[in-house]
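Q: Please see the structure below; I have some questions.
The values are calculated or read from the model by the stated rules, or taken from the named source; none is laboratory data. Every value quoted in this text rests on a predicted model; they were computed, and no experiment measured them. Ideal geometry is used to build each Cβ from the backbone, glycine not excepted, and the neighbour counts take in all protein chains shown. Quick note on the areas: whole protein, heavy atoms, side chains included, nothing else; ligands and nucleic acids left out. Shrake-Rupley method; radii C 1.70, N 1.55, O 1.52, S 1.80 Å.
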Amino acid sequence: ERGLRPVFKMTPLNQPPQLDSVLAARGYGHEAVTLVETLDLYKVVIPETGDVKIWTRPEPEWFDTYARLKELNDYERDAFRNMMDNLAVPARFVMLMDEGEPVAGGFTIREGEMAGLFGLVTDKEKRNQGHGRLLVWTLLNRARKAGAKLAYLQVEETNGSALHVYESIGFEELYRYWYRTLES
């Protein structure tokens, strides 16, 4: 009805268990393998953290900067705005500052003793300078001070630089998911 192609999110808990192989046999492609990783916040020593600006809503200052850092096109920007405006849980929208300039950002969601880190991005011109790592440490520090005991995040398997940062901090893979899509 909407002209969208069918997409199935596959996890280790799919039912029936053979669904992935059935979809593959029917021509559904395999894409966007994503790792869900966790970190026990009381098993790491969190170093000094950075200067961040924090918003409780996706205010224009955060949203516009974040969209620029993520290089979102108009369609992606509108879809992301809709998602952020309709979050069902409280979130914190964060921008890491370096000499007064935003260099990395993302948002966090707190659910009881768990803190989720989402959409982490570093300015393309400022990558490989430690800003992403500093952003993660800063978010973890704030989450632990707010009472979180466990942090989690999602990262695509192909994002080697982010995987390296997360593993060096102590995140460990909990499970993977991927998508099966029917090519048009």
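Q: Around HIS131, with a cut-off of 9 angstrom between Cβ atoms, what is the net charge of the other residues, counting Lys and Arg +1 and Asp and Glu -1? Please list the in-between numbers first.
A: Values: positive: LYS126, ARG127, ARG133; negative: ASP98, ASP123.
So the surrounding residues net to +1.
Q: Note down the relative contact order for the chain as a percent, whole number, built from C-alpha pairs under 8 angstrom at least six residues apart.
A: Working: 292 pairs, mean separation 76.5, N = 184.
Once divided by the residue count of the chain, the mean separation gives 42 percent.
Q: Here is a follow-up. Let me know the shape class of the range 95-154, please: from the alpha-carbon gyration tensor, a ≥ b ≥ c as square roots of the eigenvalues, rounded when a/c is under 1.5, otherwise prolate if a/b is greater than b/c, or oblate. Let's see the in-between values first.
A: Numbers: a/c = 2.59, a/b = 2.06, b/c = 1.26.
Prolate, since a/c reaches 1.5 and a/b exceeds b/c.
Q: Between ASP51 and GLU167, what is the label-point separation in nm under the 7 Å Cα-to-beta-carbon projection?
A: 3.4 nm
Q: Sticking with this structure for a sec: Quick check: at a probe of 1.4 Å, how many percent of the accessible area of the range 1-89 sits on carbon and sulfur atoms?
A: Values: 3090 of 6150 Å².
Answer for the range 1-89 is 50 percent, counting heavy atoms of protein chains only.
Q: Within the accessible area of the range 119-184, what % is carbon and sulfur when the probe is 1.4 Å and the other protein chains stay in place? Before the final figure, lay out the partial values.
A: Details: 1710 of 3760 Å².
C and S fraction of accessible area: 46 percent.
Q: Mean residue ellipticity at 222 nm from the helices of the chain, using -39,500 (n - 2.57) per DSSP H segment of n ≥ 4 over the full residue count, to the nearest 500 deg cm²/dmol?
A: That calculation yields -9000 deg cm²/dmol at 222 nm.
Q: Apply the a/c threshold of 1.5 to the C-alpha gyration tensor of the range 23-86 and tell me whether it is rounded, prolate or oblate. Could the numbers behind the result be given before it?
A: Numbers: a/c = 2.78, a/b = 1.20, b/c = 2.31.
Oblate is the answer for the range 23-86, as a/c is 1.5 or above yet b/c matches or exceeds a/b.
Q: Under the rule a/c < 1.5 gives rounded, and otherwise a/b versus b/c splits prolate from oblate, where does the range 85-184 land using the Cα gyration tensor? Provide the component values of the computation, followed by the final result.
A: Working: a/c = 1.44, a/b = 1.13, b/c = 1.28.
Rounded.
Q: Quick check for you: with a 1.4 Å probe and neighbouring chains kept, what is the accessible area per residue of the chain, in Å²? The partial results should precede the final answer.
A: Working: 11110 Å² over 184 residues.
That works out to 60 Å² for each residue.
Q: Further question: The chain: Rg/Rh from Cα coordinates, Kirkwood Rh? Intermediate results must be reported in sequence, preceding the final value.
A: Details: Rg = 17.8 Å, Rh = 17.9 Å.
Rg/Rh: 0.99.
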